[in-house]
Amino acid sequence: MISTEFRRLARLLIDLSDRPVLYWASVCGFHPSNVSNWLRGRETLSDENIARFLSVLSLDPETLKLDSSRIHVWIVALHEPETLTEAADAFLESPIRMALLSPELDGPAFLSQAPQSALLRAGNIRIVLLRKLFPTKMSESPLSQKAGTPWIRPSLIPGACWKASEISPDEDAPPIAVPGPFLFDLVQGNVSLEQFDALMDKSAPWKWKDVELLAKKSGLTAQEVAEMIRDRNSR
């Protein structure tokens, strides 16, 4: 039973890393087939090596809790939300707070194609959510994968809410503006816990100025952006 749970949690973290088993096996110095077979239910890793493998995935093999001394980065495919939902249920305890991020408007123009990301904090666990991008579907708005555009809501995760708690978890929240270089460091987990917390604490409810700034960044009118937000909220 314990070994089965180890495998389940390891698979979740591997999926959210968006890196192949080969990578994690190489980091540990294990033969990839031994790790793959262990994940399939075979006893190809010793207890010591299982503990080592889980530790490399930033999971304490004794408590099955995430390492709270580092920033975790989870890569999320929105068309497959089950992995994120299951991981949140396994590793996070309420209250779970979320905040969206966006590159600062006065940054270089190319940052309009910066990563879509969000912050997640539950107790002393801090996670950066990075959206995994795919070719835009015909049914999607051209803005849907543009940096700063609302892309995820707390309602996807049971028990989660916005850091700006005045906003319903079923509605969009304004993103926190982040300097471009810092945003790229953030989505790689290369920031301190204090920097993460200071950034998340900047989260605030919508103001008309937020809508105007988002419109300016997107090349739309403020009314068009407001209608886009309203349309999403009515779904």
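The values are calculated or read from the model by the stated rules, or taken from the named source; none is laboratory data. Values in this document were obtained by computation on a predicted structure and should not be read as measured data. Here the Cβ positions follow ideal geometry from the backbone for every residue, glycine too, while neighbour counts run over all protein chains shown.
General remarks:
- Residue pairs whose Cβ atoms lie under 8 Å apart, separated by 6 or more positions or on different chains, with the first residue in the range 4-21 and touching a residue at least 12 places away in the same chain (Cβ under 8 Å) and the second among the polar types (S, T, N, Q), are 12/83; 13/58; 15/83; 16/83; 21/36.
- All told, residue 99 meets the bar of being at pLDDT 85 or above and either in a strand (DSSP E or B) or touching a Ser or Thr at 6+ places or on another chain (Cβ under 8 Å) (or both).
- For the range 23-64, filtered to residues that are of a type in the set (D, E, K, R) and out of contact with any helix residue (DSSP H, G or I) (no Cβ under 7 Å at 6 or more places or on another chain), the residue that is nearest to residue 90 (Cα to Cα) is 60.
- Residues of the range 172-195 satisfying the condition of being in a loop (DSSP other than H, G, I, E, B) and either touching a Lys or Arg at 6+ places or on another chain (Cβ under 6 Å) or at pLDDT 90 or above (or both): 172, 187, 188, 189, 190, 191, 192
- The numbered conditions (1) of a type in the set (Gly, Ala, Ser); (2) more than 20 Å from residue 125 (Cβ to Cβ); (3) in contact (Cβ under 8 Å) with a residue 60 or more places away in the chain are all true for residue 87 except (2).
- Qualifying residue in the range 77-84 (condition: surrounded by 13 or more Cβ atoms within 10 Å (Cβ to Cβ) and acidic (Asp, Glu)): no
- Selection status of residue 75, in contact with a strand residue (DSSP E or B) (Cβ under 8 Å, 6 or more places away or on another chain) and outside any loop (DSSP other than H, G, I, E, B): yes
- Checking each residue in the range 150-165 for being within 14 Å of residue 201 (Cα to Cα) and assigned to a loop (DSSP other than H, G, I, E, B) picks out 163, 164, 165.
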